[in-house]
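I have placed the structure first, in the form of structure tokens, so that the comments after it can refer back to it.
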Amino acid sequence: MAQRARKTAGAAAGALPFFTLLAGDDTVSRERARTQLLDRIRAARGEITVEIFDSEQQTVAGLTERVLTPSLFGGVRVFVVPHAESLDTEELAELEQLLGASLTDEYVVVEGDKPGEDHKALAGFVRKAEKRAKEAAGACQVVTLLKPPPWKTADWLVANTPVLFGRRIDRADAEYLVERAGDDYDMLRSELEKIDLYLDEGKPVTREAIAGIVEGTREAAAYELAQALGRKEIGRALGLLDSLFSSSFYPPACIGAIYRHFWSLLRIRAFEQKEPETVRAFMRAVQGRDRDGQTGPGVAIGKAAGLFDERQPGRVYSILIKSRLVEQARSFSDDHLRAVFRWLHDIDVGVKTGRIDAGKPMMQALCIRVVRGPERPEDERAYAGE
């Protein structure tokens, strides 16, 4: 399988377990797994009634009672419980009653996010479901569907695009799609759906289709604006700002993206002051196109900047080299970067307190000032829109 999936022992091949738990943060694969399971039940049992649990209108206790109470009208019922991570400990304890059930015309499908520190109650429920799956062969199964790490997003697209849309995508074109749309799986699914509507049946997803559909329809992202400012490309920055204001401009998100980008630049500068030879070795390897020589120093720089760690060597090219992030950091002085942070801070506070209206003229002035830098002592003050 393309996604990292683990199927706990307990459900024999081809069997239809009464209870299925789909756990993990790969929401696209979870949706597909749920759809495939419902299709299998329909193929084996004929017409079915699917009931989606709504925590706003129902209680978990009421759900378990409905599941365990045979239907007077017969028929096969499938109860789907989405967002199990939103259930509290008591509600999950109610749901545990179904783990030991063994019914003939009822099926339960529970979906939850990746269990862990953020979802401790769900993690406990998953462990109990896994134990039940081992004990009751064929009655219960747990399928874990996790997103691959970011540097394997393109591989995920290569493997899943044929399954989701019946289309092929080459790895180079998958990398291009990630570059244009980011590595959020729901966003990538949305972009592929748009491409699928555009292309003739069976046609592959190509770079040309991505350029024509994704770039032509998606909103300009705030991180692209931050990148343009980091490269001191004021013309492109102002163009991206026009695009943002023509769609749905949200000042805090935009200010936050610029702040994070320039904070990375400041950390790269600090790292170079501490480890100058590492940065020089990296730049020599980049200029000499020495891929092996880029990796070690690049990972060290990326880790210092808070962009990735040693487990993500594949991000050196996309994050540091392709965006020329080290060159960006070198093009700003520490004083210039500190002034940028002061301006961003002042606007952020002003917007959130209602003192400042971050309209287009103000944001244009901010972009120009970020690229130009402080020219006079008074420019060192936080930008307050005066």
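Derivation of every value follows stated rules applied to the coordinates shown; laboratory data play no part. Just so it is clear, the structure is predicted and the values come from calculations on it, not from any experiment. Heads up, the Cβs are rebuilt from the backbone with ideal geometry, glycines too, and the neighbour counts pull from every protein chain shown.
Please name whichever of Val28, Ala43, Gln58 sits farthest to the positive end of the charge dipole of region 20-59, dipole taken about the Cα centre and charges placed at Cβ: Lys and Arg +1, Asp and Glu -1.
Among Val28, Ala43, Gln58, the one farthest towards the positive end of the dipole of region 20-59 is Ala43.
What percent do you get for the relative contact order of region 4-147 when only Cα pairs under 8 Å and 6+ apart count?
It comes to 48 percent, rounded to a whole number.
Per residue of region 29-38, what does 6.51 cos²θ - 1.76 cosθ + 1.60 with θ = phi - 60° give for ³J(HN,Hα)? Whole Hz please, x for Gly and Pro, Karplus curve as stated.
5, 4, 4, 5, 5, 5, 4, 5, 5, 4
Just in region 161-213: which GluC sites (Glu not before Pro) are loop by DSSP and have at most 14 other Cβ atoms within 10 Å?
On the way: sites: Glu175, Glu179, Glu191, Glu193, Glu201, Glu208; in loops: Glu201.
For GluC sites (Glu not before Pro) across region 161-213 that sit outside H, G, I, E and B with at most 14 neighbouring Cβ atoms in 10 Å, the list reads Glu201.
For region 4-147, just run the numbers: alpha carbon Rg, then divide by 2.2 N^0.38 Å, N being how many residues it has.
Values: Rg = 14.0 Å, N = 144, 2.2 N^0.38 = 14.5 Å.
Ratio of Cα Rg to 2.2 N^0.38 Å: 0.97.
Residue-wise, which Karplus ³J(HN,Hα) couplings in Hz belong to region 261-266, taking 6.51 cos²θ - 1.76 cosθ + 1.60, θ = phi - 60°, and x for glycine or proline?
5, 6, 5, 5, 5, 5
Compute the relative contact order of region 53-132 as a whole-number percentage, counting only Cα pairs closer than 8 Å that sit 6 or more residues apart in sequence.
Relative contact order here is 35 percent.
What is the distance in Å between the Cα centroid of region 356-373 and that of region 145-171?
Centre-to-centre distance over Cα atoms comes out at 39 Å.
Which whole-number percent is the relative contact order of the chain (Cα, under 8 Å, 6+ apart)?
Reported relative contact order: 15 percent.
Could you give the dipole magnitude of the chain about its Cα centre, charging the beta-carbon of Lys and Arg +1 and that of Asp and Glu -1, in debye to the nearest 20? Walk me through the numbers on the way to the answer.
Details: 55 positive and 60 negative charges, 259 e Å.
Here the size comes out at about 1240 debye.
What does the helix-only formula give at 222 nm for the chain: each DSSP H stretch with n ≥ 4 adding -39500 (n - 2.57), the total divided by the residues, and the result rounded to the nearest 500 deg cm²/dmol?
Calculated from helices alone, the mean residue ellipticity at 222 nm is -17500 deg cm²/dmol.
Over 20 Å, how big is the tail of the calculated P(r) for region 256-341, in percent of all Cα pairs?
Details: 969 of 3655 pairs.
Everything past 20 Å amounts to 27 percent.
Cα centroid distance between region 314-355 and region 54-94, in Å?
Each part reduced to its Cα centre gives a spacing of 48 Å.
Can you pick out the pairs among Lys232/Lys303; Lys232/Lys322; Lys303/Lys352; Lys114/Lys147 whose Cα atoms lie more than 20 Å from each other? Before the final figure, lay out each step's value.
Values: Lys232/Lys303 24 Å; Lys232/Lys322 16 Å; Lys303/Lys352 32 Å; Lys114/Lys147 10 Å.
Too far apart for the 20 Å limit: Lys232/Lys303; Lys303/Lys352.
Would you mind working out the magnitude of the charge dipole of region 256-386 relative to its Cα centre, with +1 at each Lys and Arg C-beta and -1 at each Asp and Glu C-beta, to the nearest 20 Debye?
360 debye
Under unit Cβ charges (Lys, Arg +1; Asp, Glu -1), what dipole magnitude, rounded to 20 debye, does region 4-147 have relative to its Cα centre?
Approximately 840 debye in magnitude.
Which of the peptides 325-338, 20-33, 37-50 is most tightly packed, and how do the rest follow, going by the mean number of other Cβ atoms within 10 Å of each residue?
With the highest mean Cβ count within 10 Å placed first, the list reads 20-33, 325-338, 37-50.
What order do you get for 147-153, 54-60, 181-187, 297-303 when each peptide is scored by the mean count of other beta carbon atoms within 10 Å, highest first?
Output ranking for 147-153, 54-60, 181-187, 297-303: 297-303, 147-153, 181-187, 54-60.
Sort 305-313, 132-140, 223-231 by the packing proxy (mean of other Cβ within 10 Å over each peptide's residues), most packed first.
Details: 305-313: 15.7, 132-140: 18.3, 223-231: 21.1.
In descending order of packing, they fall as 223-231, 132-140, 305-313.
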